[in-house]
1. Express as a percent, rounded to the nearest 5, the fraction of DSSP beta bridges in the range 104-234 (both residues included) that run antiparallel.
2. Enumerate the aspartates and glutamates that LYS140 could reach by cross-link, defined here as Cα to Cα under 18 Å, with residues fewer than 8 away along the same chain left out.
3. For the range 166-231, what is the Kirkwood estimate of the hydrodynamic radius, computed as the reciprocal of the mean inverse distance between distinct Cα atoms, to one decimal in Å?
4. With the Cα gyration tensor of the range 116-192 giving a ≥ b ≥ c as the square roots of its eigenvalues, does the rule (a/c under 1.5 for rounded; else a/b larger than b/c for prolate; else oblate) give rounded, prolate or oblate?
5. Between the range 25-61 and the range 210-275, how many Å separate their Cα centres?
6. Would you mind calculating the relative contact order of the range 176-282 from Cα pairs under 8 angstrom and at least 6 residues apart, reporting the percent as a whole number?
7. Taking the chain as a Gaussian network, where each spring joins two C-alpha atoms under 10 Å apart, which residue of LYS11, LYS73, LYS140 fluctuates the most?
8. Restricting to DSSP H runs of at least four residues, report the calculated mean residue ellipticity at 222 nm for the chain, -39500 (n - 2.57) per run over all residues, nearest 500 deg cm²/dmol.
Amino acid sequence: MNAIEVDNLTKLFDDFTAVDHLDFEVKNGEIFGFLGPNGAGKTTTARMLTGIIKPSSGKVRIMGLDIRQDPIKAKQIMGVVPELSNAYTELTAWNNLQFMAELYGVPGKDARQRAEELLGKFDLYERKDHKVRTFSKGMKQKLILAMSLMNDPEILFLDEPTSGLDVISARLIKDMVLELNKEGKTIFLTTHYMEEANQLCSRVAIINHGKIAAIDAPEKLKMRIGGLEWVEVSFDMPVDASDFSDLSGVIDIRMSGDKLRLYTNEPGRTIYQLVDYSRSNDLEIVMLNTLTPTLEDVFIKLTEEME
């Protein structure tokens, strides 16, 4: 059984089509990324999948349950982490978790045990009796993730879970997502961070103007668009980009900080020519990398094609 099945899902707001006849499925136990520019229909889709808003047409099944026909049963097996905090700032971390347990009908003894486990896992136990308004953004995000797990859901919906976090907090959240997935939870991840999707997701869907442009594993999407590779090089002394304009196989040259990026259809030959250049000019190569198209390149290409 698929964890999520979406069939002809459509949402209209007056005469505006926010989501346009989507068809896709999320496999049990995978991390599925849902990517798109602002206004593409990501959040509207996620809200229909979680039963917050009703679709204009189409169906959503959560572990085989129709979200419109069996909304309570479907919601009992999912956890939701919205983009904006839904923790009560005047309550303590402990009381927020107990409140979530009451909403989902978790028995008192189980709720207390579950709260202690989650506070320990998310390194919040020492702050369990502190009001949430005293928490940093990273701590709030960890608490919200803990709140979404109080009912031990089979499917977790994450909407921009690392948005606005510092590097360390974002890394902690990503590590927790991977750990939860290893424990068997299916994760539907909405994000606009391409590298985050590349690191976490087994498959991604790219949406623009309410339509899906592509669905596949990140590496397969990169292979699908083809395109040039590039060689990135840095020397121990500044160089003039124009010195490399006549290199064989080089299509384009760009500076990126202290690095020179050469787009080429012959990366091997380009590397040899760079080594020759360094020798003839008595320069030392500090860094040399050969890179293929990134998920960001795929995203930009596919969304531009839909404009």
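Here, each number is a calculation from the coordinates, and none is a lab measurement. In this text the structure is predicted, and so the values were computed from the model without any measurement. Counting neighbours? That spans all protein chains shown, and the Cβs are built from the backbone with ideal geometry, glycine included.
1. 50 percent
2. GLU83, GLU90, GLU116, GLU117, ASP123, GLU126, ASP129, ASP159, GLU160, ASP166, ASP175
3. Taking the inverse mean of 1/r over all distinct Cα pairs, the range 166-231 comes out at 13.7 Å.
4. Numbers: a/c = 1.83, a/b = 1.22, b/c = 1.50.
Judged from the Cα gyration tensor, the range 116-192 comes out oblate (a/c at least 1.5, b/c at or above a/b).
5. A separation of 35 Å, based on Cα centres.
6. Numbers: 100 pairs, mean separation 18.6, N = 107.
Result for the range 176-282 is 17 percent.
7. In the Gaussian network model the winner is LYS73.
8. -10500 deg cm²/dmol
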